[in-house]
Structures are given as C-alpha cells and as structure tokens.
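Q: Handing you this structure, nothing more for now.
Where a number appears in this text, it was derived from the coordinates with a stated rule and is not lab data. In this text the structure is predicted, and so the values were computed from the model without any measurement. Cβ sites come from the backbone with ideal geometry, for glycine too, and all protein chains shown count toward neighbours.
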Amino acid sequence: MPRREWTDIEVEELSLKFEVEPAEELLRWAVETFYPNVALAFSGQMEDVVLLDIMHRVAPGRVRAFMIDTGRLPEEIYELVEEVRRRYRVDLEVYYPDNAKVEEMVRLYGPNLFYGGPQYRLLCCRVRKVDVLKRVLSGLDAWITGLRRDQFPTRAITRKVQIDHDNFGILKLAPICDWTFEDVANYVRERGLPYCRLYDQGYTSIGCAPCTRPTFVATGNITAEELRKGRWWWERGTPKECGIHCSLEAGTFERHMETMFKLRISKD
C-alpha cells in the first residue's frame with residue numbers, strides 16, 4: 001500500500017490537538033493509526049525509556065522500537081538495552097552502519113576524525129547514524145522520538161506532530177517535547193524505571209563514548225545549553241546536533257509559520 005501523503009495543514013491541526021493532550025493520547029493514536037509501521041527511536045536516553053514505558057501501558061503487545069548501534073557507544077548503553085529487553089519483553093531492533101562506508105571513512109580520516117573539525121564530526125555522524133536512520137525510516141509511516149524543547153535552542157520549536165521532510169514525508173512524533181529534564185527524571189524515579197547509569201555520573205545527554213562527557217550541572221534551573229554541553233564539547237559556536245534532528249535546516253519553522261497563517265485565514 002502506498003504511503004499516505006500528509007498536508008501541512010492536516011499535520012498542523014493534529015499538532016494543535018495533541019499539544020494539549022498527555023503523551024499517552026498521542027502514543028495511543030500513533031499505534032492505532034500506524035502499527036506495525038510506527039516505531040520508537042531508542043538511543044538510551046531517559047526520555048526513550050519513558051516513552052517505551054508509556055507505550056507498553058497504552059498498547060501492550062504492539063510496541064516497536066529500534067536502536068542504531070554506531071559502533072562507538074558506551075558499554076552502559078548495552079547494559080540498559082538488556083534491562084529494557086527483560087522488563088518490557090520487547091525485541092529491540094538493532095541496526096548498524098554500512099561496513100564499507102565506515103571502513104572508507106576511517107581509512108581516509110582516521111578513527112577519531114571528529115576532533116578535526118565540525119565537518120569531520122558531521123561526516124562521522126552521517127555515516128554512523130543519519131544514513132542508518134534513513135534506511136530504517138524507509139519502511140515506516142511514522143516514528144517516535146524523545147525530543148524535548150528544553151534540550152537545545154535548535155529544538156525549541158519542536159512540534160508534537162510534524163512531517164519529516166528529510167525522511168520521505170513520514171510523520172515524526174515527539175509526545176513529551178513539552179516535558180522538562182526534571183519531568184523525565186521524576187517519572188523514571190517514581191516508577192522505578194531502568195536508566196543508563198551514566199546519568200548518575202553527571203551526564204545529562206548521552207551519545208557515542210568519545211563524543212560525550214559529564215556536564216555535572218545541578219538539578220534545578222538547567223538551561224538548554226547546559227543539557228547538551230557534554231556533546232562535542234571541543235567545538236565552539238556549533239549546533240549540538242548530529243544531523244538526525246535538523247528542523248531548522250529542513251525549514252520546519254518556516255513551514256509551521258506559513259501553515260499557521262493559512263489556518264487563521266481559513267477560520268476567519
């Protein structure tokens with residue numbers, strides 16, 4: 001069956017509807033509408049565990065989740081994956097980068113090319129993550145992410161429902177984008193959920209081992225810059241993004257504003 005083509009206005013109306021709904025409602029709708037062609041992107045962040053837990057409650061037996069193993073992940077992520085598999089009885093789908101592309105990249109630029117400048121770091125991210133994600137999403141109608149608006153300024157305009165213009169026009173869902181870091185941590189603590197133990201060592205965002213370090217920020221008024229300052233800390237003045245979530249580059253903000261204007265005109 002051909003993939004449905006969504007219009008900006010249809011998706012904007014969905015986003016406005018679910019903006020005032022709890023995450024459970026959006027996840028329930030997503031599973032009922034798209035299963036089995038909808039999946040959660042699991043990278044080992046606390047947000048991903050929260051979403052997996054909610055999905056397990058609202059749609060037991062119909063949870064799909066996938067993980068991209070870049071080949072440079074910390075051991076603590078694999079430990080969490082084993083805990084998650086046991087607790088939720090979910091077959092976490094694991095995908096790997098193209099071996100030939102990795103070998104060519106490392107042969108040309110070395111295993112730690114990312115320290116050589118943003119262009120090399122983005123190349124590494126593309127080969128190890130972005131290209132793999134595109135391959136996974138080619139078989140889906142929607143995907144679920146743990147994006148939050150407070151994570152970094154580039155994510156401040158994140159919508160709960162949006163068209164992923166970078167990936168085949170499928171829907172990209174961010175059910176807890178209006179949560180804060182404290183909201184996520186409280187949910188995990190109150191429900192006794194498993195989480196990556198690197199958080200106990202001062203991490204507030206976790207990526208590949210060479211590219212992430214602790215931030216050691218105190219809980220409380222944590223700024224977006226502080227939450228991801230442990231990512232690619234040697235770079236100065238560059239967005240803390242790997243290329244998977246590039247809303248500004250994809251023109252999402254401009255599309256959103258244009259669609260909102262059309263909606264207002266149609267209702268006047």
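Q: If the chain between N186 and Y115 were fully stretched, how many nm would it gain, using 0.36 nm times the residue separation less the Cα-Cα distance? Don't jump to the answer; show the numbers that get you there.
A: Details: separation 71, 0.36 × 71 = 25.56 nm, distance 3.50 nm.
The span from N186 to Y115 would gain 22.1 nm if fully extended.
Q: Can you tell me the dipole magnitude for region 74-132 around its Cα centre, using point charges on the Cβ only (Lys, Arg +1; Asp, Glu -1), in Debye to the nearest 20?
A: Working: 10 positive and 11 negative charges, 40 e Å.
Rounded to the nearest 20 debye, it is 200 debye.
Q: Per Stokes-Einstein, at 20 °C and 1.002 mPa s, what whole-number D in µm² s⁻¹ belongs to the chain, with the Kirkwood radius over Cα pairs as the hydrodynamic radius? Before the final figure, lay out the partial values.
A: Numbers: Rh = 19.3 Å.
After rounding, the answer is 111 µm²/s.
Q: I would also like to ask the following. Taking θ = phi - 60°, what integer Hz values does the Karplus form 6.51 cos²θ - 1.76 cosθ + 1.60 yield along region 43-55, in sequence order, with x for Gly and Pro?
A: In residue order, the calculated couplings are 10, x, 6, 4, 4, 5, 5, 4, 5, 4, 5, 5, 4 Hz.
Q: Rounded to whole Hz and in sequence order, give me ³J(HN,Hα) for region 11-16 from the Karplus expression 6.51 cos²θ - 1.76 cosθ + 1.60, θ = phi - 60°, writing x for Gly and Pro.
A: In residue order, the calculated couplings are 6, 5, 5, 5, 4, 5 Hz.
Q: Count the lysine pairs in the chain whose Cα atoms sit under 14 Å apart, keeping only pairs 8 or more residues apart in sequence or on different chains.
A: Within the chain, the lysine pair count is 5.
Q: Please state the charge dipole magnitude for the chain, taken about the Cα centre, from unit charges on C-beta atoms (+1 on K and R, -1 on D and E), reported in debye and rounded to the nearest 20.
A: Value, rounded to 20: 400 debye.
Q: Restricting everything to alpha-carbon atoms, can you work out Rg to Rh for region 61-118 with a Kirkwood hydrodynamic radius?
A: Details: Rg = 15.2 Å, Rh = 13.7 Å.
Dividing the radius of gyration by the Kirkwood radius yields 1.11.
Q: Does anything in region 168-210 have its amide N under 19 Å from the 7 Å Cα→Cβ label point of A156, and if so which residues?
A: Residues 177-182 fall inside that zone.
Q: Could you pull out the longest piece of the chain with no exposed loop trypsin sites (Lys or Arg not before Pro) in it, calling a site exposed if DSSP puts it outside H, G, I, E, B and it has at most 14 other Cβ atoms within 10 Å?
A: My reading of the result: 90-235 is the longest stretch.
Q: Also, I was wondering about something else. Using r as the Cβ-Cβ distance of R87 and L108, and R0 as 35 Å, what FRET efficiency do you calculate, to the nearest 0.05?
A: It comes out at approximately 0.25.
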